[in-house]
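Report on the following structure.
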Amino acid sequence: MCTVREILSNKDPWVASIGPRASALEAAISMNRHKVGSLMVMDGDNVVGIITERDLLQRVLAEQRDAAKTRVEEVMTTEVLCCQLHTTIDEARSVMKNRRVRHLPVVDEAGLHGVISIGDLNAYEAHSQEVTIHVMTEYIHGRA
């Protein structure tokens, strides 16, 4: 069964992150600069939360808060759903679908290994389907 480890092995290990005392504006600028939909909120090596586009929309913009004066720790999601390297891709997809999240940090006792997104899962599945189609086409045409 395919696991999250396989997705991470094909990704850049860098994780977009920010500190809890940074401003919501800094978080938005960082997300925009790195073209990501979330930032891990880190206090040293510890994950203390995640701030997402949805957090910024609901807890800053919709509440008409001053993004430059609002700290990330005031608006981040503190209940961070995570998975592990051995989590199957189907399990990760199920968690994302059922809990309506688009990003899952990958952690274990050693710490944070990376973050997978729903886009990563979709790309992995699309690639797997392309490989299957290629193999079947080769078989049908007698080249396999």
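The values are calculated or read from the model by the stated rules, or taken from the named source; none is laboratory data. Nothing here was measured: the structure is a model prediction, and the numbers come from that model. As a convention, Cβ positions derive from the backbone with ideal geometry for all residues, glycine included, and neighbour counts pool all protein chains shown. Just so you know, the surface numbers come from the protein's heavy atoms only, side chains and all, with ligands and any DNA or RNA stripped out. Shrake-Rupley method; radii C 1.70, N 1.55, O 1.52, S 1.80 Å.
For the stretch 6-33, which positions are more than 13 Å from the chain's Cα centre (by Cα) and open to solvent by 50 Å² or more (accessible area, probe 1.4 Å)? Step through it out loud before you land on a result.
Quick first cut of the stretch 6-33, residues more than 13 Å from the chain's Cα centre (by Cα) only: 6, 9-10, 18-30, 32-33.
Of everything in the stretch 6-33, those that are more than 13 Å from the chain's Cα centre (by Cα) and open to solvent by 50 Å² or more (accessible area, probe 1.4 Å) turn out to be Glu6, Ser9, Asn10, Arg21, Leu25, Glu26, Ile29, Asn32, Arg33.
Identification of helices (runs of 4 or more DSSP H) wholly contained in the stretch 40-144 with 3 or more residues that are closer than 30 Å to Met1 by Cβ and not hydrophobic (A, V, I, L, M, F, W, C) yields 89-99, 118-140. The residue that is least open to solvent (accessible area, probe 1.4 Å), among those in the stretch 79-104 that are of a type in the set (S, T, N, Q) and under 15 Å from the mean Cα position of the chain (by Cα), is Thr87. For Val36, state whether it is open to solvent by less than 90 Å² (accessible area, probe 1.4 Å), in contact with a strand residue (DSSP E or B) (Cβ under 9 Å, 6 or more places away or on another chain) and assigned to a loop (DSSP other than H, G, I, E, B). Criteria met by Val36.
Taken as a whole, the condition of being without any contact (Cβ under 8 Å) to a residue 24 or more places away in the chain and either polar (S, T, N, Q) or open to solvent by 100 Å² or more (accessible area, probe 1.4 Å) (or both) applies to His141.
Quick check, is Leu61 in contact with a helix residue (DSSP H, G or I) (Cβ under 8 Å, 6 or more places away or on another chain) and either on the phi > 0 side of the Ramachandran plot or not charged (D, E, K, R) (or both)? Quick ask: steps written out before the conclusion?
Numbers: in contact with a helix residue (DSSP H, G or I) (Cβ under 8 Å, 6 or more places away or on another chain): no; either on the phi > 0 side of the Ramachandran plot or not charged (D, E, K, R) (or both): yes.
Against the criterion (in contact with a helix residue (DSSP H, G or I) (Cβ under 8 Å, 6 or more places away or on another chain) and either on the phi > 0 side of the Ramachandran plot or not charged (D, E, K, R) (or both)), Leu61 does not qualify.
Take the residues in the stretch 5-43 that are of a type in the set (Lys, Arg) and without any contact (Cβ under 8 Å) to a residue 40 or more places away in the chain, then tell me which one is nearest to Lys69 (Cα to Cα). Restricting to residues being of a type in the set (Lys, Arg) and without any contact (Cβ under 8 Å) to a residue 40 or more places away in the chain, the top hit is Arg33.
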